[in-house]
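See below for the structure under consideration.
The values are calculated or read from the model by the stated rules, or taken from the named source; none is laboratory data. This one's a predicted model, so the numbers in the text were calculated from it and none came from an experiment. Counting neighbours? That spans all protein chains shown, and the Cβs are built from the backbone with ideal geometry, glycine included.
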Amino acid sequence: MTDRTALAIDYIEQCRQRIDAELDRSIRQDSASERLQETMRYSVLGGGKRIRPALCLAAARAVGCDEEVALVPACALELIHAYSLVHDDLPAMDDDDLRRGRPTAHIAFDEASAILAGDALQTLAFSLLAGAPGLSDTQRIAMITKLAQASGHAGMVGGQAIDLESVGIKLNLDQLETMHRHKTGALIEASVDLGALTSAGVSQEQRVALANYARALGLAFQVQDDLLDIEGDTAIIGKRQGSDAAKAKPTYPALLGLEGAREHLATLLEQAQRALGVFGAEAEPLRAMADYVVTRNH
Ligand code: GRG
């Protein structure tokens, strides 16, 4: 493990404690149904690497902001991520029994509860953003707009639709990247941008640099995910059982070969790190996060 990867692991751990406390507090707030609240808590607080919220806090630091101001936006990102996983695991989607090493929400509870929990997590994300402390209305609206675009049909949900439509079809590299840019990249890009938006004075140059970083990192995340699937690490933690259709999905190693995928990953990491050239030491957590994403083992 490099020093920078160790720094990322420490940084994520520090973020996790603050994020999980805030997520717990948000979900505890008045809920009409105890079972629904329990399904939401199960889906959000039962593990997960917290990559997206940590990226949001790290981006806030890079633009000179107090990470505390990015805490609520970071939670909104994790809530959207958790909702996407709950819905992705449903029988109508990937039909997975295990997630993060334990039964998926629809197995632990039931399908209707899982659908409702996903719906409620999504709306909670936007409700949190609308009341995020320490930000102007203009900043809150910019964040809500960004997160809605990144998670809706122009982003993550759109990517999921492309994914479902492409089962059994041989995608080329461009098509594969388009799918991943929407499905997983858009939320990673939004994570960094929401962090950048915590600074009212963020410059265009900084935002473009961070967008380039996040774009390369979002793709790198997916290449590493595909490589981990091949190495079998994800099977060990029971992340996926999945339907035959899910297993037949196109991947980077299938298109580029194992070595080709590893080279592609190295190129994307280099692009991400190069994009941060306009920043100094304040972007060190972002640099570390990039190293972590491409070397993580689950
Ligand atoms: C169903 C609305 C809807 C969207 C689904 C993002 C997505 C779209 C589905 C996730 C399916 C999946 C397993 C994609 C592969 C990449 C990915 C997002 C992995 C999970 O993210 P991690 O590794 O998860 O950050 P943890 O558990 O650490 O939070």
Going through Leu265, Leu286, Leu269 one at a time, which residue ends up being within 15 Å of the ligand (Cβ to nearest atom), of a type outside the set (Phe, Trp, Tyr) and modelled with pLDDT of 95 or more?
Leu265
Taking the stated definitions as given, is Thr138 in a helix (DSSP H, G or I), within 18 Å of the chain's Cα centre (by Cα) and exposed (fewer than 15 other Cβ atoms within 10 Å of the Cβ)?
no
So which pairs qualify, if the first residue must be in the range 104-125 and surrounded by fewer than 21 Cβ atoms within 10 Å (Cβ to Cβ), the second must be acidic (Asp, Glu), the Cβ gap must be under 6 Å, and the two must be at least 6 apart or on different chains?
Ile107/Asp97
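Let's see how each residue does on (1) at pLDDT below 95; (2) closer than 19 Å to Tyr252 by Cβ:
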position: Gln160; (1), (2): no, yes
position: Ile169; (1), (2): yes, yes
position: Gly195; (1), (2): no, no
position: Ser199; (1), (2): no, no
position: Ser203; (1), (2): yes, no
Mind listing whichever residues of the range 150-205 are part of a loop (DSSP other than H, G, I, E, B) and either surrounded by 23 or more Cβ atoms within 10 Å (Cβ to Cβ) or within 12 Å of the ligand (Cβ to nearest atom) (or both)?
Gly152, His153, Gly155, Leu197, Thr198
Helices (runs of 4 or more DSSP H) within the range 1-72 that include 2 or more residues more than 20 Å from Asp119 (Cβ to Cβ) and among the charged types (D, E, K, R):
3-28
For Thr138, which of the numbered conditions (1) more than 16 Å from the ligand (Cβ to nearest atom); (2) among the hydroxyl-bearing types (Ser, Thr, Tyr); (3) closer than 23 Å to Asp30 by Cα fails to hold?
(3)
State whether the residues of the range 51-69 include one that is surrounded by fewer than 15 Cβ atoms within 10 Å (Cβ to Cβ), farther than 21 Å from Leu276 by Cα and within 19 Å of the chain's Cα centre (by Cα).
no
Does at least one position in the range 106-118 carry a residue that is within 12 Å of the ligand (Cβ to nearest atom), assigned to a loop (DSSP other than H, G, I, E, B) and within 25 Å of Ala148 (Cα to Cα)?
no
Residue, nearest to the ligand (Cβ to nearest atom), within the range 9-35, restricted to residues that are under 26 Å from Phe221 (Cβ atoms) and free of Cβ contacts under 8 Å to residues at least 12 places away in the same chain
Glu13
Which of the numbered conditions does Arg61 fail, given that it passes all the others? Conditions: (1) over 20 Å from Val192 (Cβ atoms); (2) touching a residue at least 40 places away in the same chain (Cβ under 8 Å); (3) of a type in the set (D, E, K, R); (4) in contact with an Asp or Glu (Cβ under 8 Å, 6 or more places away or on another chain).
(1)
Here the residues within the range 73-104 that are hydrophobic (A, V, I, L, M, F, W, C) and out of contact with any Asp or Glu (no Cβ under 7 Å at 6 or more places or on another chain) are Ala74, Ala76, Leu77, Leu79, Ile80, Ala82, Leu85, Val86, Ala92, Met93, Leu98
So, in the range 36-47, of the ones that are within 11 Å of the ligand (Cβ to nearest atom) and at pLDDT 95 or above, which residue ends up surrounded by the most Cβ atoms within 10 Å (Cβ to Cβ)?
Ser43
Scanning the range 73-98 residue by residue, those within 17 Å of Leu187 (Cβ to Cβ), within 12 Å of the ligand (Cβ to nearest atom) and outside any loop (DSSP other than H, G, I, E, B) turn out to be Leu77, Glu78, Leu79, Ile80, His81, Ala82, Tyr83, Ser84, Leu85, Val86, His87, Asp88
Any pair with Cβ under 8 angstrom, 6 or more apart, that starts in the range 66-90 at a residue that is in contact (Cβ under 8 Å) with a residue 60 or more places away in the chain and farther than 27 Å from Ser136 by Cα and ends at one that is near the ligand (Cβ under 9 Å from one of its atoms) and small (Gly, Ala, Ser)
Ser84/Gly118; Ser84/Ser151
